[in-house]
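Asks: Have a look at this one before I ask anything.
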Amino acid sequence: MFSRFSLFAHKYKYYILAGWVILAALFFFFAPSLEEVGVTDQSQFLPEKTESAHVRDLLTAKFPAYSETSSSTAIIVVYNENGLGQADEARAKDLRDWLISAQKPAAVESVVSVYDNAALRTSLVSADNTTMMLYVGFNTTALDDSAKQAVKEIRQQFTPQDGTRFYLTGSVGFLQDLFESVNKTIARTTQVTIILVIILLLIVYRSPIAAFVPLLAIGASYLVSRGIIGFIADAGVSVSTVTDVFMVVTMFGVGTDYCLFIMSRFRENLGEQDRSKRIVSTMQRIGPIIFASAVTVIIAFLCLSISRLGMTRSSGWALAIGITITLIAGLTLVPALMSIFGRYLFWPSMKPPAPTKQRKYGWAQIGGWISRHPLWISIPIIVLLVLPYIAMPDFTLSANILTQLPKDAEATKGLNTIREHFAMGELSPLTLLIESKDGTLLDDASLRGIEGMAGALSGNQDLARVDTFSAPAARLNASGGQVRALGDTITPAQFDAGGFSSLTSISDSLQALALQYQGITRSPAFTAAMTDLATVTPLLNQVGAAAPAEVPALLSQLQGVVYDLADSLTTLGGEFELQGSGPFVDWLKAAYFSADGTVAKIGLVLNIDPYSDAASEMVPSIRESVAAAVAASTLENVNYYVGGDTAVYADMLQTSETDFTLVIVVTTIGILLVIIILLRSILAPLYMVATVLFNYGAALGITSWILQDIFHYANLINMLPVIVFVLLAAVGADYNIFLVSRIREEAETKPIKEAVHEAVAHTGGVITSCGVILTGTFATLMISSFPMVLEIGTAIAIGVLLDTFVVRALLVPSLVALLGRWSWWPSPLFKKLKKD
């Protein structure tokens with residue numbers, strides 16, 4: 001088969017070259033890029049069966065306002081460490097006025113600030129008066145082009161002055177900065193990878209033509225693959241934008257390896273004068289090995305496709321497509337180019353390499369040393385590879401999107417400012433949905449059941465507050481009674497101005513409610529209460545300054561205001577209990593119940609930062625508390641689900657842990673079967689796969705030690721173990737197949753130890769060059785400001801280095817030499833060979 005491939009490539013070489021160039025150009029100019037059609041928010045890849053994903057879907061289906069506002073809110077933070085002065089207030093107000101003017105960005109829908117409602121001041125301005133928040137609602141999704149333009153225009157309004165800083169953060173800010181970080185990483189990684197590959201190829205071959213061939217083949221493969229995936233994403237299939245980063249380094253790294261494998265074998269055949277025979281001989285020997293290696297890598301990546309986490313799954317099949325296209329190019333375009341250039345491929349040096357026996361140094365010497373001392377090499381290496389596993393128990397993972405933002409990103413700075421000056425729990429509460437299976441939840445019995453369940457949850461130490469439709473009702477009713485009792489004391493005989501100090505806390509509570517329940521401003525009772533509270537202080541001052549004869553009339557007036565306040569508070573409490581009708585009652589029903597009344601929504605405000613890893617760890621116990629509270633309530637025949645950002649991170653982490661176990665088993669079995677079929681033996685594939693596992697654990701342990709212990713990363717991305725395992729398993733098997741296949745080829749005519757010596761001598765330089773190039777391509781990810789990419793790049797670069805210079809270079813050949821002909825059991829070669 002591979003002879004026919006090579007003859008076809010030799011005969012139609014110019015047509016093949018033209019076809020690849022045209023195809024690459026078409027995809028480059030006409031295919032949509034992942035930047036345009038990919039998905040940046042990894043939470044969108046959560047499996048539909050997870051609880052938080054079900055909450056998201058149920059909210060979208062039952063609460064129309066949710067689909068309009070979810071992931072479409074920004075927070076503008078105004079900060080002055082010396083305190084917000086009049087100039088700061090004026091600049092903030094100018095910004096707010098611009099955001100509601102005709103000149104505002106088209107994507108801006110609404111603004112909530114202290115300038116829209118003075119009652120919000122205690123909630124939107126920090127207690128130390130250094131920080132102010134303005135909420136900006138968008139009428140489109142966070143990564144829509146109009147939202148991107150709006151963020152750009154808003155940030156252009158931020159001009160630092162007199163120590164004052166403006167930041168745009170919140171869900172829109174997070175995703176915008178994450179999107180920018182990903183795109184910068186893609187651009188920088190592509191540039192650095194190409195430059196690095198050119199330099200390394202020139203060092204390896206010292207020939208500009210030999211460096212040009214892999215670049216042309218891989219470049220064409222990459223453009224075609226990227227175009228195919230772009231069209232797939234444009235058709236509606238969710239593909240992560242980060243996939244583009246991994247495609248660049250993986251295809252250039254692995255593709256260069258395949259080209260070097262082919263070209264190194266072609267160089268060995270330069271002594272053959274007939275050009276077509278050189279091509280046929282090369283592809284006959286190396287073609288099956290390249291094919292088996294690529295199939296192994298493709299299977300490994302396809303194993304990622306069984307992952308339940310969509311981001312990992314999409315990266316898996318996308319990379320599998322990339323390697324498939326790279327394989328096709330390796331079997332067609334590379335032989336065509338070798339046929340075109342012939343021995344000039346290695347110009348200015350056009351001679352075959354010196355025979356192995358004439359090489360006194362380098363891999364020939366290492367191969368001889370390994371074949372003579374296999375036991376003393378293999379045992380210490382295995383011990384050294386196992387030692388890093390000790391670091392694994394300290395390996396901490398996180399699915400929090402905020403950990404993936406660069407520290408200098410504006411959204412990160414804004415969030416950190418909020419963290420320092422506000423209670424973070426209010427920013428992103430958990431969402432509890434109660435779903436009735438057979439009727440409405442707006443009847444009295446169900447309402448009382450919801451209140452009872454919420455009351456039980458309010459005792460949970462992990463929660464700062466349980467936000468229900470009726471949460472403030474009891475407090476308002478009690479305040480109404482307290483204020484009425486205060487009014488009863490307003491007589492010339494009993495009056496005591498000191499008793500009015502309690503009204504301050506009532507005023508603060510009402511202002512806080514204005515942020516928690518924005519529809520409260522539609523309540524006449526709330527407006528009346530705030531007006532009455534504003535009237536009390538001036539009246540008290542008048543009483544204190546009035547002549548004795550004027551006091552009774554003023555006290556009577558004050559008493560009337562206080563009684564009105566008591567009535568307003570009681571009426572407002574009744575509205576929170578959904579008594580009567582009115583704009584605010586309608587708002588409460590729309591905000592806390594679905595239109596058909598079958599779903600009730602409750603907010604669970606955490607007492608710690610909802611974006612912290614500790615908060616994610618709380619989610620399972622909170623879900624257990626919800627189950628217990630529902631069981632203890634009078635609610636019957638209902639389902640309940642806990643979602644929200646914090647729950648999403650918890651579910652993503654759990655999904656990743658489940659995926660890892662599944663993927664590692666399937667990948668290991670898949671790779672093992674491919675190697676068994678290729679080598680037609682059992683024992684050699686077993687220890688080849690075992691060395692991959694040793695290498696994986698060592699790489700992950702060293703990565704954990706470097707990033708968490710030295711650079712003090714609090715945690716690493718949740719997808720790191722599964723992606724690193726698959727990539728290292730694929731690459732490790734790739735190199736092992738190339739090496740062991742050559743040992744097997746040499747063993748057809750030589751004793752095992754001599755075969756090991758010859759194979760290491762012939763392949764050592766090639767595989768080392770490949771390993772250095774692959775390490776370099778993944779090391780380019782380490783310059784990224786995007787933590788996920790940096791972490792994965794670090795781990796794989798370490799793993800490839802270990803595999804290149806320890807596992808493949810020393811351990812695998814020593815095991816082959818140690819086990820002798822048993823490595824090929826039960827293949828015919830096992831029977832053919834004699835014991836050394």
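The values are calculated or read from the model by the stated rules, or taken from the named source; none is laboratory data. Because the structure is a prediction, the values reported are computed rather than measured. Virtual Cβ from ideal backbone geometry, glycine too; neighbours counted across all protein chains shown. What goes into the accessible areas is simple: the full protein's heavy atoms, side chains included, and nothing from ligands, DNA or RNA. Shrake-Rupley method; radii C 1.70, N 1.55, O 1.52, S 1.80 Å.
Asks: Look at residue 805 and say whether it is of a type in the set (Phe, Trp, Tyr) and within 19 Å of residue 698 (Cα to Cα). Reasoning before the result, please.
Replies: Details: of a type in the set (Phe, Trp, Tyr): yes; within 19 Å of residue 698 (Cα to Cα): yes.
Considered against the rule, which asks whether it is of a type in the set (Phe, Trp, Tyr) and within 19 Å of residue 698 (Cα to Cα), residue 805 comes out as yes.
Asks: Return the residues of the range 106-122 that are in contact (Cβ under 8 Å) with a residue 40 or more places away in the chain and assigned to a loop (DSSP other than H, G, I, E, B); say none if nothing qualifies.
Replies: 106, 107, 117 - these are the residues of the range 106-122 that are in contact (Cβ under 8 Å) with a residue 40 or more places away in the chain and assigned to a loop (DSSP other than H, G, I, E, B).
Asks: In the set 340, 321, 298, which member is open to solvent by less than 30 Å² (accessible area, probe 1.4 Å), touching a helix residue (DSSP H, G or I) at 6+ places or on another chain (Cβ under 6 Å) and among the β-branched types (Val, Ile, Thr)?
Replies: On the way: 340 fails: open to solvent by less than 30 Å² (accessible area, probe 1.4 Å); 321 fails: open to solvent by less than 30 Å² (accessible area, probe 1.4 Å).
None of the others qualify; the one that does is 298.
Asks: When the range 467-481 is examined, which residues are found to be among the aliphatic types (A, V, I, L, M), in contact (Cβ under 8 Å) with a residue 24 or more places away in the chain and open to solvent by 20 Å² or more (accessible area, probe 1.4 Å)? Talk me through it step by step, then tell me what you get.
Replies: Of the range 467-481, the ones among the aliphatic types (A, V, I, L, M) are 471, 473-474, 476, 478.
From what's left, in contact (Cβ under 8 Å) with a residue 24 or more places away in the chain: 471, 473-474, 476.
Answer for the range 467-481, where residues must be among the aliphatic types (A, V, I, L, M), in contact (Cβ under 8 Å) with a residue 24 or more places away in the chain and open to solvent by 20 Å² or more (accessible area, probe 1.4 Å): 471, 474.
Asks: Still on this structure, please answer the following. Residue 165 passes all but one of (1) part of a helix (DSSP H, G or I); (2) within 30 Å of residue 413 (Cβ to Cβ); which number fails?
Replies: Failing condition for residue 165: (1).
Asks: Then there is this: If you take the residues of the range 442-451 that are part of a helix (DSSP H, G or I) and free of Cβ contacts under 8 Å to residues at least 24 places away in the same chain, which of them is surrounded by the fewest Cβ atoms within 10 Å (Cβ to Cβ)?
Replies: So the first thing to find is which residues in the range 442-451 are part of a helix (DSSP H, G or I), and the list is 444-451.
Going one step further and asking which of them are free of Cβ contacts under 8 Å to residues at least 24 places away in the same chain, we end up with 444, 451.
Details: 444: 8, 451: 19.
Per the stated criteria, the residue is 444.
Asks: Considering only the range 411-430, state which residues are hydroxyl-bearing (Ser, Thr, Tyr) and in a helix (DSSP H, G or I).
Replies: Let us first name the residues in the range 411-430 that are hydroxyl-bearing (Ser, Thr, Tyr), namely 412, 417, 428.
412, 417, listed by residue number.
Asks: Do we find that residue 122 is open to solvent by 70 Å² or more (accessible area, probe 1.4 Å), among the polar types (S, T, N, Q), within 32 Å of the chain's Cα centre (by Cα) and over 17 Å from residue 413 (Cα atoms) in this structure?
Replies: On the way: open to solvent by 70 Å² or more (accessible area, probe 1.4 Å): yes; among the polar types (S, T, N, Q): yes; within 32 Å of the chain's Cα centre (by Cα): no; over 17 Å from residue 413 (Cα atoms): yes.
Criteria not met by residue 122.
Asks: Mind listing whichever residues of the range 681-715 are farther than 16 Å from residue 304 by Cβ and in contact with a Phe, Trp or Tyr (Cβ under 8 Å, 6 or more places away or on another chain)?
Replies: 681, 682, 683, 684, 697, 698, 700, 701, 704, 707, 708
Asks: Go through 713, 687, 696, 735 for me and flag whichever is farther than 30 Å from residue 408 by Cα, within 22 Å of the chain's Cα centre (by Cα) and of a type in the set (Phe, Trp, Tyr). Show your work before the answer.
Replies: On the way: 713 fails: farther than 30 Å from residue 408 by Cα; 687 fails: within 22 Å of the chain's Cα centre (by Cα); 735 fails: within 22 Å of the chain's Cα centre (by Cα).
Checking each option against the conditions leaves just 696.
Asks: Which count do you get for residues in the range 457-502 that are in contact with a strand residue (DSSP E or B) (Cβ under 9 Å, 6 or more places away or on another chain) and among the aliphatic types (A, V, I, L, M)? Outline the logic, then answer.
Replies: Start the filter on the range 457-502 by keeping residues that are in contact with a strand residue (DSSP E or B) (Cβ under 9 Å, 6 or more places away or on another chain), which leaves 457-458, 460, 462-469, 471.
Restricting the remaining residues to those that are among the aliphatic types (A, V, I, L, M) gives 457, 463-464, 466, 471.
Count: 5.
Asks: Give the residues of the range 93-119 that are open to solvent by 40 Å² or more (accessible area, probe 1.4 Å) and of a type in the set (S, T, N, Q), sorted by residue number.
Replies: We begin by selecting, within the range 93-119, every residue open to solvent by 40 Å² or more (accessible area, probe 1.4 Å); these are 93-94, 97-98, 100, 102-104, 106, 109-110, 115-116, 118.
103, 110, listed by residue number.
Asks: Sticking with this structure for a sec: Is it the case that some residue within the range 626-634 is among the polar types (S, T, N, Q), within 24 Å of residue 246 (Cα to Cα) and more than 18 Å from the chain's Cα centre (by Cα)?
Replies: Filtering the range 626-634 for residues among the polar types (S, T, N, Q) gives 633-634.
With the extra rule that they be within 24 Å of residue 246 (Cα to Cα), the set shrinks to none.
For the range 626-634, residues among the polar types (S, T, N, Q), within 24 Å of residue 246 (Cα to Cα) and more than 18 Å from the chain's Cα centre (by Cα): absent.
Asks: Please state which of the following conditions residue 454 fails to meet, knowing it meets all the rest: (1) under 26 Å from residue 573 (Cβ atoms); (2) within 34 Å of the chain's Cα centre (by Cα); (3) open to solvent by 60 Å² or more (accessible area, probe 1.4 Å).
Replies: Among (1) under 26 Å from residue 573 (Cβ atoms); (2) within 34 Å of the chain's Cα centre (by Cα); (3) open to solvent by 60 Å² or more (accessible area, probe 1.4 Å), residue 454 violates only (3).
Asks: OK, next. Would you confirm, using the coordinates I've provided, whether residue 59 is in contact with a Lys or Arg (Cβ under 9 Å, 6 or more places away or on another chain) and modelled with pLDDT of 75 or more? Let's see the steps before the verdict.
Replies: Numbers: in contact with a Lys or Arg (Cβ under 9 Å, 6 or more places away or on another chain): yes; modelled with pLDDT of 75 or more: yes.
Criteria met by residue 59.
Asks: If we scan the range 396-410, do we find a residue that is outside any loop (DSSP other than H, G, I, E, B), open to solvent by less than 60 Å² (accessible area, probe 1.4 Å), at pLDDT 85 or above and of a type in the set (D, E, K, R)?
Replies: yes
Asks: Mind telling me which of the residues 702, 717, 773, 767 ends up being open to solvent by less than 10 Å² (accessible area, probe 1.4 Å) and under 30 Å from residue 819 (Cβ atoms)?
Replies: On the way: 702 fails: open to solvent by less than 10 Å² (accessible area, probe 1.4 Å); 717 fails: under 30 Å from residue 819 (Cβ atoms); 773 fails: under 30 Å from residue 819 (Cβ atoms).
Going through 702, 717, 773, 767 in turn, just one is open to solvent by less than 10 Å² (accessible area, probe 1.4 Å) and under 30 Å from residue 819 (Cβ atoms): 767.
Asks: Please determine, by comparing only the residues of the range 597-638 that are in a helix (DSSP H, G or I) and acidic (Asp, Glu), which one is least open to solvent (accessible area, probe 1.4 Å). Break it down stepwise before answering.
Replies: Within the range 597-638, the subset in a helix (DSSP H, G or I) is 613-632.
Imposing the further condition that a residue be acidic (Asp, Glu) reduces the set to 613, 617, 624.
Numbers: 613: 46, 617: 140, 624: 128 Å².
The qualifying residue least open to solvent (accessible area, probe 1.4 Å) is 613.
Asks: Moving on. From the residues in the range 1-24 that are within 21 Å of residue 288 (Cα to Cα) and open to solvent by 70 Å² or more (accessible area, probe 1.4 Å), which one is modelled with the highest pLDDT?
Replies: So the residue we want is 11.
Asks: Here's another thing I want to ask about it. Output the residue which, of all residues in the range 254-282 that are among the small types (Gly, Ala, Ser) and under 21 Å from residue 740 (Cα atoms), is modelled with the highest pLDDT.
Replies: First, the residues of the range 254-282 that are among the small types (Gly, Ala, Ser): 255, 264, 271, 276, 281.
So of that shortlist, the ones also under 21 Å from residue 740 (Cα atoms) come out as 255, 264, 281.
Working: 255: 87, 264: 77, 281: 76.
Filtering the range 254-282 for residues that are among the small types (Gly, Ala, Ser) and under 21 Å from residue 740 (Cα atoms), the one modelled with the highest pLDDT comes out as 255.
Asks: Residues in the range 805-814: is at least one more than 19 Å from residue 250 (Cβ to Cβ) and surrounded by fewer than 18 Cβ atoms within 10 Å (Cβ to Cβ)?
Replies: Looking only at the range 805-814, we keep the residues that are more than 19 Å from residue 250 (Cβ to Cβ), and these are 805-807, 809-814.
Retained after the next criterion (residues that are surrounded by fewer than 18 Cβ atoms within 10 Å (Cβ to Cβ)): 805.
Yes, that holds for at least one residue.
Asks: With the requirement that a residue be assigned to a helix (DSSP H, G or I) and open to solvent by 10 Å² or more (accessible area, probe 1.4 Å), what does the range 234-245 give you? Talk me through it step by step, then tell me what you get.
Replies: Residues of the range 234-245 that are assigned to a helix (DSSP H, G or I), as a first pass: 234, 243-245.
Hit for the range 234-245 is 234, nothing else.
Asks: Let me ask you something else. Considering every residue within the range 198-206, establish whether at least one is under 36 Å from the mean Cα position of the chain (by Cα), touching a residue at least 12 places away in the same chain (Cβ under 8 Å) and over 20 Å from residue 763 (Cα atoms).
Replies: Looking for residues that are under 36 Å from the mean Cα position of the chain (by Cα), touching a residue at least 12 places away in the same chain (Cβ under 8 Å) and over 20 Å from residue 763 (Cα atoms), one finds at least one in the range 198-206, hence yes.
Asks: Would you pick out the residues in the range 500-515 that are within 16 Å of residue 423 (Cβ to Cβ) and surrounded by fewer than 17 Cβ atoms within 10 Å (Cβ to Cβ)?
Replies: 508, 509, 512
Asks: Show the residue pairs meeting these rules: Cβ distance below 7 Å; 6+ apart or different chains; first residue within the range 643-661 and within 14 Å of residue 171 (Cα to Cα); second residue part of a helix (DSSP H, G or I) and of a type in the set (A, V, I, L, M).
Replies: 646/615; 646/619
Asks: Would you mention how many residues in the range 361-386 are open to solvent by 50 Å² or more (accessible area, probe 1.4 Å) and either under 13 Å from residue 809 (Cβ atoms) or hydroxyl-bearing (Ser, Thr, Tyr) (or both)?
Replies: 5
Asks: While we're here: With the requirement that a residue be of a type in the set (Ser, Thr, Tyr), open to solvent by 60 Å² or more (accessible area, probe 1.4 Å) and in contact with a helix residue (DSSP H, G or I) (Cβ under 9 Å, 6 or more places away or on another chain), what does the range 566-593 give you? Break it down stepwise before answering.
Replies: Kept after step one, since they are of a type in the set (Ser, Thr, Tyr), are these residues of the range 566-593: 568, 570-571, 581, 592.
With open to solvent by 60 Å² or more (accessible area, probe 1.4 Å) added as a condition, the list becomes 570-571, 581.
570, 571 - these are the residues of the range 566-593 that are of a type in the set (Ser, Thr, Tyr), open to solvent by 60 Å² or more (accessible area, probe 1.4 Å) and in contact with a helix residue (DSSP H, G or I) (Cβ under 9 Å, 6 or more places away or on another chain).
Asks: Could you list all residues from the range 129-160 that are open to solvent by less than 80 Å² (accessible area, probe 1.4 Å), of a type in the set (D, E, K, R) and either modelled with pLDDT of 90 or more or more than 27 Å from the chain's Cα centre (by Cα) (or both)?
Replies: Selection gives 153, 155.
Asks: Still on this structure, I have one more. Spot the failing condition for residue 642; the list is (1) in contact with a helix residue (DSSP H, G or I) (Cβ under 8 Å, 6 or more places away or on another chain); (2) in a helix (DSSP H, G or I), and only one is missed.
Replies: Every listed condition holds for residue 642 apart from (2).
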